[in-house]
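Participant: Sharing a structure with you now.
The values are calculated or read from the model by the stated rules, or taken from the named source; none is laboratory data. No experiment lies behind these values; they were computed from the predicted model shown. In this analysis, Cβ positions are derived from the backbone assuming ideal geometry, glycine residues included, and neighbour counts consider all displayed protein chains.
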Amino acid sequence: MTDALQRVTDAIPDAQTTAVSLGCSVEAVELARSLELIDLHIDTFIPPRLWGYDIFTRHKRALGGRHFFGHLDLPRMREGGLTGAMWSITTNPFRPARNRWRVFEKNLARLRELIYRSRGQLAEVRTLSEYRAARAAGAHACLLSIQGGNALEAAPDGVLSLPDDVITRVTLIHLTSSCYGGSSTPVQGALTTKGLTKAGHALVEQLNASRTFVDLAHINEQAFWDVVKVHDSTQPLLATHTGVDGVREHWRNLTDDQLKAVAETGGVVGIIFSTVFLARPGGPDDGRMIVEHMQHVIDVVGEDFVAVGSDYDGAISPPRDLWGGECYPRLVQHMLDRGWSEARIEKVLGGNFLRAFGMIRP
């Protein structure tokens, strides 16, 4: 363990102190800190990229208390027990294709430099074995990801040109439809009826060939099913940050049939923390809404296919008691209050994803 890492670790409040500050049990804090806790989607690279936000300094609260950005920094992630996450690189879809690729290359280099500057507090991982090694060294494991395949449109050789399989996941579609297929975003009108294109089909094949996770968050339903048809069914699909229609009908959420399609590949569904997509009339107004969506996934396909996919720092408003990374134990408390066993909690926090990770990149 590096000196920098040791200082951060030593500064973490003990379980009793954290439990009092969060209003949860010591058991919840200890579980959050002792189990592998992996978030399938964080946008924490956006704040340092756009205005120099320091992820190595502990910040009090997000902008406006819990809204939009500033949910995570390394001290609060460690305090909350977050052992690893898929760190997304998001690309502005309105740039010309060639510029999107150039900006993506620069941002990939910047994110890797950020990891390097952490002096062992962060570690880039590409495989399950590298994840295990990073955790053994006490580092937070960073799985580098692309939010919006449109970043790759002008790549010289497509996704295969990326070095050393550094990217572990590509979210095919983001907030706008692209050359690869249709977004679920309704403001695009008729564009949302577009399924997977020829270019999208080719991208899925490239991702399968490089054993890179295909992420079906943000994609519209027609394109979703098109991907399922062409995807290598021996590799697990992901839907990294979403809600479920079975609790709250919403254009951003997945139907029960879509949940089954992901589970049939051995994949996992990460439940987002955005109240806009989760909250239902008369339902809970705190983190219980997240567990409610997780429970529906469990009821439909079982407890082996659901995970955490917060979308922290992705311009979201999380539930009032989950304002930032130090609050993951509050989510665990809601799981305990629902009567979930420690074995189930272990699966949902990280075990399910690690199983899928081992299937695709051991």
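Participant: Looking at the range 162-174, is at least one residue at pLDDT 95 or above and either among the polar types (S, T, N, Q) or out of contact with any strand residue (DSSP E or B) (no Cβ under 9 Å at 6 or more places or on another chain) (or both)?
Facilitator: Yes: the range 162-174 contains one or more residues that are at pLDDT 95 or above and either among the polar types (S, T, N, Q) or out of contact with any strand residue (DSSP E or B) (no Cβ under 9 Å at 6 or more places or on another chain) (or both).
Participant: Which of the residues belonging to the range 127-169 are out of contact with any Asp or Glu (no Cβ under 9 Å at 6 or more places or on another chain), among the polar types (S, T, N, Q) and not in a helix (DSSP H, G or I)?
Facilitator: Answer for the range 127-169, where residues must be out of contact with any Asp or Glu (no Cβ under 9 Å at 6 or more places or on another chain), among the polar types (S, T, N, Q) and not in a helix (DSSP H, G or I): SER161, THR168.
Participant: Restricting to the range 127-139, name every residue that is buried (at least 19 other Cβ atoms within 10 Å of the Cβ) and either among the acidic types (Asp, Glu) or out of contact with any Gly (no Cβ under 7 Å at 6 or more places or on another chain) (or both).
Facilitator: ALA134
Participant: Go through HIS71, HIS41, HIS59, HIS67 for me and flag whichever is buried (at least 24 other Cβ atoms within 10 Å of the Cβ) and out of contact with any His (no Cβ under 7 Å at 6 or more places or on another chain).
Facilitator: HIS71
Participant: Pull out all pairs, ordered by first then second residue, where Cβ-Cβ is under 9 Å, the residues are six or more apart or on different chains, the first lies in the range 47-73 and is within 18 Å of ASN92 (Cβ to Cβ), and the second is part of a loop (DSSP other than H, G, I, E, B) and modelled with pLDDT under 90.
Facilitator: Sorted first by the residue in the range 47-73, then by its partner, the pairs are PHE69/LEU63.
Participant: I've got another one for you. Could you say which residue among VAL268, VAL247, VAL214 is modelled with pLDDT of 95 or more, touching a helix residue (DSSP H, G or I) at 6+ places or on another chain (Cβ under 8 Å), farther than 21 Å from GLY148 by Cα and buried (at least 20 other Cβ atoms within 10 Å of the Cβ)?
Facilitator: Unique residue meeting the criteria: VAL247.
Participant: If you don't mind, another one. Restricting attention to the range 280-297, which residues are of a type in the set (Gly, Ala, Ser) and either under 23 Å from ASP215 (Cβ atoms) or buried (at least 19 other Cβ atoms within 10 Å of the Cβ) (or both)?
Facilitator: Scanning the range 280-297 gives a single hit, GLY287.
Participant: From the list THR197, THR185, THR234, which one is β-branched (Val, Ile, Thr), closer than 17 Å to HIS41 by Cβ and surrounded by fewer than 22 Cβ atoms within 10 Å (Cβ to Cβ)?
Facilitator: Among THR197, THR185, THR234, only THR185 is β-branched (Val, Ile, Thr), closer than 17 Å to HIS41 by Cβ and surrounded by fewer than 22 Cβ atoms within 10 Å (Cβ to Cβ).
Participant: For the range 23-38: of the residues being hydrophobic (A, V, I, L, M, F, W, C) and surrounded by fewer than 21 Cβ atoms within 10 Å (Cβ to Cβ), which is nearest to PHE69 (Cα to Cα)?
Facilitator: LEU35
Participant: Could you identify the single residue in VAL204, VAL228 that is part of a helix (DSSP H, G or I) and more than 23 Å from ARG126 (Cα to Cα)?
Facilitator: VAL228
Participant: Determine whether ASP311 is among the acidic types (Asp, Glu) and at positive phi.
Facilitator: yes
Participant: If you don't mind, another one. Out of THR18, THR9, I need the residue that is part of a helix (DSSP H, G or I), in contact with a Lys or Arg (Cβ under 9 Å, 6 or more places away or on another chain), under 28 Å from ARG132 (Cα atoms) and at pLDDT below 95. Which one?
Facilitator: When all the criteria are applied, what remains is THR9.
Participant: I'd like to check something: does the range 112-119 contain any residue that is without any contact (Cβ under 8 Å) to a residue 24 or more places away in the chain, more than 26 Å from GLU36 (Cβ to Cβ) and of a type outside the set (S, T, N, Q)?
Facilitator: Scanning the range 112-119 turns up at least one residue that is without any contact (Cβ under 8 Å) to a residue 24 or more places away in the chain, more than 26 Å from GLU36 (Cβ to Cβ) and of a type outside the set (S, T, N, Q).
Participant: Answer yes or no as to whether GLU27 is more than 24 Å from SER274 (Cβ to Cβ), touching a residue at least 40 places away in the same chain (Cβ under 8 Å) and of a type in the set (D, E, K, R).
Facilitator: yes
Participant: With the requirement that a residue be in a loop (DSSP other than H, G, I, E, B), within 16 Å of ILE167 (Cα to Cα) and not β-branched (Val, Ile, Thr), what does the range 103-126 give you? Before you say what the answer is, go through the steps one by one.
Facilitator: If we filter the range 103-126 for residues that are in a loop (DSSP other than H, G, I, E, B), which is where we start, we get 118-121, 125-126.
Next, only the ones that are within 16 Å of ILE167 (Cα to Cα) stay: 125-126.
ARG126, the sole residue that qualifies.
Participant: For the range 87-101, name all the residues that are assigned to a helix (DSSP H, G or I) and surrounded by 14 or more Cβ atoms within 10 Å (Cβ to Cβ).
Facilitator: ALA97, ARG100, TRP101
Participant: Can I ask one more? List pairs: first in the range 249-263 and over 16 Å from PRO186 (Cα atoms) and touching a residue at least 24 places away in the same chain (Cβ under 8 Å), second of a type outside the set (A, V, I, L, M) and surrounded by fewer than 22 Cβ atoms within 10 Å (Cβ to Cβ), Cβ under 6 Å, 6+ apart or cross-chain?
Facilitator: Note: pairs meeting the criteria are THR255/ASP245; ASP256/GLY246.
Participant: Do the conditions hold for GLN258, that is, is it closer than 14 Å to THR242 by Cα and of a type in the set (S, T, N, Q)?
Facilitator: Numbers: closer than 14 Å to THR242 by Cα: yes; of a type in the set (S, T, N, Q): yes.
Yes, satisfied.
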